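What follows is a short report on a single structure.
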Amino acid sequence: MPFQALRNVKDAMIHILAHGGLYDQARAYVTYAKVLSANTQNQTAETKKYMMMEAIKHLQKAKKILEKLEANDRLKSTLYLLSVFYNEIGMHDERNKCAFEFKQLDQQFPMDRNHVILF
C-alpha cells in the first residue's frame, strides 16, 4: 500500500504545486514526505537514508512556506516531523535544532494538547 500511496501522491503533487495555494502546497510537501518515509520499510540502509533525506528536503520546503504564511500550528507539526526524521537517520545536531525551534514556537504560540496536528 505505501507504494500505491506514493504513486498517487506524486500524481497529485504536480497539480497542487501548479495550481494550489501556498498552504495547499505546504500540506502536499508534508504528505509526500510522510509517504516517502512509509516506503522506507523493507529497504536497505543506504536506500532508507536516501529516501529519508528526500523526505527531509520536502519538509524543509514546507517549513519555508509555513513560515511565510505564519501558520504556526502546522509549522510546529512540521518541525516535529523533521526532528523525528533527523533522529531516524542519526543527524542529532539537526534534530536538536528542529526541537529547539519547536520549543520556541510552542512557548510563543501555545496550543491545547488535545488538538496537536500531525497532518
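Could you derive backbone 3J(HN,Hα) for region 34-39 from the dihedral phi with the Karplus parameters 6.51, -1.76 and 1.60 (θ = phi - 60°), listing whole Hz in sequence and x where the residue is Gly or Pro?
5, 5, 4, 5, 5, 7
Helix-only estimate, please: 222 nm mean residue ellipticity of the chain, summing -39500 (n - 2.57) across DSSP H runs of length 4 or more and dividing by its residues, to the nearest 500.
-27000 deg cm²/dmol
In whole angstrom, how far apart do the alpha carbon centroids of region 38-78 and region 81-99 sit?
Here the two parts' Cα centres lie 11 Å apart.
Considering only lysines 8 or more places apart in sequence, or on different chains, count the pairs in the chain whose C-alpha atoms sit under 15 Å apart.
Close lysine pairs found across the chain: 15.
Any idea what the alpha-carbon Rg over 2.2 N^0.38 Å comes to for region 39-104?
Taking the Cα Rg and dividing by 2.2 N^0.38 Å, one obtains 1.14.
Any chance you could list P(r) for the chain, counting all Cα-Cα pairs in 10 angstrom bins from zero, rounded to whole %?
14, 43, 33, 10, 0
Values quoted throughout were computed directly from the atomic coordinates according to the rules given, and no laboratory measurement underlies them. Note that the structure is a prediction, hence the values are computed from the model and not measured.
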